[in-house]
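Trainee: One structure, pasted below without further comment.
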Amino acid sequence: MLLKMDGQDYEVSSELYAEFDYGTDIKPTNPNNVVSLFAFKDLPISPKADCDGDLDLVRRKADEYPNNIEIEHSKSTLLGLVGLQIWRGALLLADWLIYNGKSIPDGYVLELGSGVGLTSIVAGIYKPVICTDINIGGLLKLIEGNVARNNSMLNHPVKVAELDFTKDLSDEIVEVLPKVKLIIAADVVYDDRLTDAFVQTVEKLLSKVTDKNLCVLVALEKRFVFTMADCETCAPCYEYFKDRLLEMKNVKLELLPTDFPQYFNYDRVKELVLWKISAQ
């Protein structure tokens, strides 16, 4: 998800690029971007726990992964444009989709704040997808390009549409909602204003459906910072997100385990979490 933010003139880069070399010599459509290959296995990679109970995964070489998703994206951006990058939460959610894809009820998967579209492409292996984000900076065109790059592995259509958290739902989204069986989002929590808008969007979506089995899965990483005020380490953006979830009405909240098999090559750190929001 992209967000227009004032006064944010410093660049940030996803930790993924330091963990593994996803780079290629493939020419991007935008000279400011890169094209990466995100490889994944057909079989699960079983996580192991260290002596402290934390997940300790052995990093594998790229040639052990027979499948690749080709994605054009930015390698560093201003804070308000981090949706142009790939973050760990997207790969966690992609792992969940591979592990559970065949059990998703027949219907559409709707992704919110899709960024460059990696998770929607994985979902498109199993179900038809509505892939959404805000239409600024040529983002929707970039997603369409990434979907086209991976068309050979898709078993279902992936349609790209605009959905701006700060605006009302479009007629297109409202019309397809009765056919949606799963809503997903990854890495949409990095600014409190965006969190407010995201939670409000989830409330709007759930209020317009009658299917009580419909749920929203949100994958994200707790990002800890040291605050001088409290003289301790905390994750303020995550804590604000959690507080906003607890304020939601007529929903059931679950923090799902993240010990399902790992298919993509990344560090599944203990700070990664997966929330399930269900209508009641």
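Trainee: Write down the accessible area per residue of the chain in Å², having rolled a 1.4 Å probe over the full set of protein chains.
Mentor: Values: 13490 Å² over 280 residues.
In whole numbers, the chain has 48 Å² accessible per residue.
Trainee: If you don't mind, another one. Using a 10 Å Cβ count of at most 16 others and DSSP loop calls, identify the longest part of the chain lacking such GluC sites (Glu not before Pro). It would help to have the intermediate numbers written out before the result.
Mentor: Working: sites that count: GLU15, GLU271.
Within the chain, the longest run free of exposed GluC sites (Glu not before Pro) spans 16-270.
Trainee: Please turn the phi angles of the stretch 233-239 into ³J(HN,Hα) values with the Karplus equation 6.51 cos²θ - 1.76 cosθ + 1.60 (θ = phi - 60°), one per residue in order, whole Hz, x for glycine and proline.
Mentor: Calculated HN-Hα couplings, in order: 8, 8, 10, x, 5, 5, 4 Hz.
Trainee: Just want the answer: with Cβ charges of +1 for Lys and Arg and -1 for Asp and Glu, which residue in VAL188, ILE143, SER170 is farthest toward the dipole's positive end in the chain?
Mentor: It is SER170, whose Cα lies furthest towards the positive end.
Trainee: Semi-axes of the equivalent ellipsoid of the stretch 168-280: what are they in whole Å, largest first, if each equals the square root of 5 times a C-alpha gyration tensor eigenvalue? Write down the numbers at each step before the final one.
Mentor: Values: eigenvalues 148, 66, 31 Å².
For the stretch 168-280, the ellipsoid semi-axes come out as 27, 18, 12 Å.
Trainee: Another one. Pull up the DSSP beta bridges for the chain and report the antiparallel fraction as a percent, rounded to 5. Provide the component values of the computation, followed by the final result.
Mentor: On the way: 30 of 47 bridges.
The answer is about 65 percent antiparallel.
Trainee: Can you give me the pair-distance distribution of the stretch 169-221, C-alpha pairs, 10 Å bins, whole percents?
Mentor: Bins of 10 Å from zero give 22, 53, 24, 1 percent of pairs.
Trainee: Could you give me the radius of gyration and the Dmax of the stretch 73-151, taking only the C-alpha atoms into account and expressing both in angstrom?
Mentor: That works out to 12.5, 38 Å for Rg and Dmax.
Trainee: Set the Förster radius R0 to 30 Å, insert the Cβ-Cβ distance between LYS208 and LYS141 as r into 1/(1 + (r/R0)^6), and round the FRET efficiency to 0.05. Don't skip to the answer; put the middle values down first.
Mentor: Numbers: r = 28 Å, r/R0 = 0.94.
E between LYS208 and LYS141, to the nearest 0.05, is 0.60.
Trainee: For the chain, the longest stretch holding no trypsin sites (Lys or Arg not before Pro) located in a DSSP loop with at most 16 other Cβ atoms within 10 Å is which? Please list the in-between numbers first.
Mentor: On the way: sites that count: LYS4, ARG59, ARG60, LYS61, LYS167, LYS208, LYS212, ARG223, LYS249, LYS270.
The reported range is 62-166.
Trainee: Follow-up question, since we're still on this one. Once neighbouring chains are kept in place and the probe is 1.4 Å, which whole percent of the accessible area of the chain is contributed by carbon and sulfur?
Mentor: 48 percent
Trainee: Right, another one. Which value, in debye to the nearest 20, describes the size of the charge dipole of the chain about its Cα centre when Lys and Arg Cβ atoms bear +1, Asp and Glu Cβ atoms bear -1, and nothing else is charged? Write down the numbers at each step before the final one.
Mentor: Values: 30 positive and 43 negative charges, 178 e Å.
Charge dipole, the chain, about its Cα centre: 860 debye, nearest 20.
The values are calculated or read from the model by the stated rules, or taken from the named source; none is laboratory data. Treat the numbers as computed from the prediction; the structure is a model and nothing was measured. Cβ: placed from backbone, ideal geometry, glycine included. Neighbour counts: every protein chain shown. What goes into the accessible areas is simple: the full protein's heavy atoms, side chains included, and nothing from ligands, DNA or RNA. Shrake-Rupley method; radii C 1.70, N 1.55, O 1.52, S 1.80 Å.
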